[in-house]
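Where a number appears in this text, it was derived from the coordinates with a stated rule and is not lab data. Just so it is clear, the model here is predicted, and its values are computed rather than measured. For neighbour counting, all protein chains shown are included, and Cβ atoms are generated from backbone atoms with ideal geometry for every residue, glycine included.
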């Protein structure tokens, strides 16, 4: 279905250890992503179809794809609604 999510030009991203910090410039706020949120960010901003990054996440968390798909898509919809990610074009 979807390909890579893109980081909009007005969003800054800093990756540090196990966390990812993202903020819309120039006003923010800074959003700190850690744990599963950081893993999802890293997976979806790498090139590849949705099926591939969902499988990578499922493998990483040792869970079935069906168990993580809906929550992952809801999280991505939230980041997109806040302008921190741009959804892939079909």
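What the table shows:
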{"item": "Theoretical gain in end-to-end length, residue 34 to residue 18 [0.36 nm per residue, Cα-Cα removed]", "result": "5.1 nm"}
{"item": "CD proxy at 222 nm, helix term only [per DSSP H run n ≥ 4: -39500 (n - 2.57); per residue of the chain; nearest 500]", "result": "-13500 deg cm²/dmol"}
{"item": "Average Cα contact separation per residue, the chain, under 8 Å, 6 or more apart, as relative contact order %", "result": "38"}
{"item": "Angle between the chain longest axis and helix 65-81 axis [Cα atoms, degrees, rounded to 10]", "result": "20"}
{"item": "Simple spin-label estimate for residue 61 and residue 73 in nanometres, 7 Å along Cα-Cβ", "result": "1.5"}
{"item": "Alpha-carbon Rg with Dmax, taken over the chain, Å", "result": "12.7, 39"}
{"item": "Between 0 and 90°, nearest 10: helix 50-61 axis offset from the chain longest Cα axis", "result": "80"}
